[in-house]
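Below: the structure, in structure tokens.
Please treat every number below as a calculation from the coordinates, not as lab data. Computed from a predicted model, the values in this text were never measured in an experiment. Neighbour counts are summed over all protein chains in view; Cβ atoms, including those assigned to glycine, are modelled from backbone coordinates with ideal geometry.
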Amino acid sequence: MKAFACGDVVPGCEARWVCSSEDEILARVGEHAAAVHGLTDLAPELVGAVRTRIVAA
């Protein structure tokens, strides 16, 4: 299992996920980024920041 907290990248955001894979986390984060933060095109730097903060759950 993998876990990610959006607040680790976007201060103040309390969204968190626990998923079976990094790919699943990235898919959910992408949906969240568009719906909540208005980010429809994620820059490679942002994806990299998310990847480095995904931890074992």
For this session: Return one number: the angle in degrees, 0 to 90 and rounded to the nearest 10, between the long axis of the Cα atoms of helix 44-53 and the longest principal axis of the Cα atoms of the chain.
Result: 30
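If you take every residue apart from Gly30 with its C-beta less than 13 Å away from the C-beta of Gly30, what net charge results, scoring Lys and Arg +1 and Asp and Glu -1?
On the way: positive: Arg28, Arg51; negative: Glu22, Asp23, Glu24, Glu31, Asp41.
Charge balance in the 13 Å sphere: -3.
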Problem set entry | Degrees separating the helix 22-37 axis from the principal Cα axis of the chain, which is the longest one | 30
Problem set entry | Simple label model, 7 Å out from Cα along Cβ direction - Ala56 to Ser21, nm | 1.9
Exercise. Near Cys6, within a Cβ-to-Cβ distance under 12 Å, what is the net charge of the other residues, with Lys and Arg +1 and Asp and Glu -1?
Worked result: 0
Problem set entry | Label-point separation, Ala34 to Leu46 (7 Å along Cα→Cβ), nm | 1.2
Exercise. So what is the relative contact order of the chain, in percent, for Cα pairs below 8 Å that sit 6 or more residues apart?
Worked result: 44
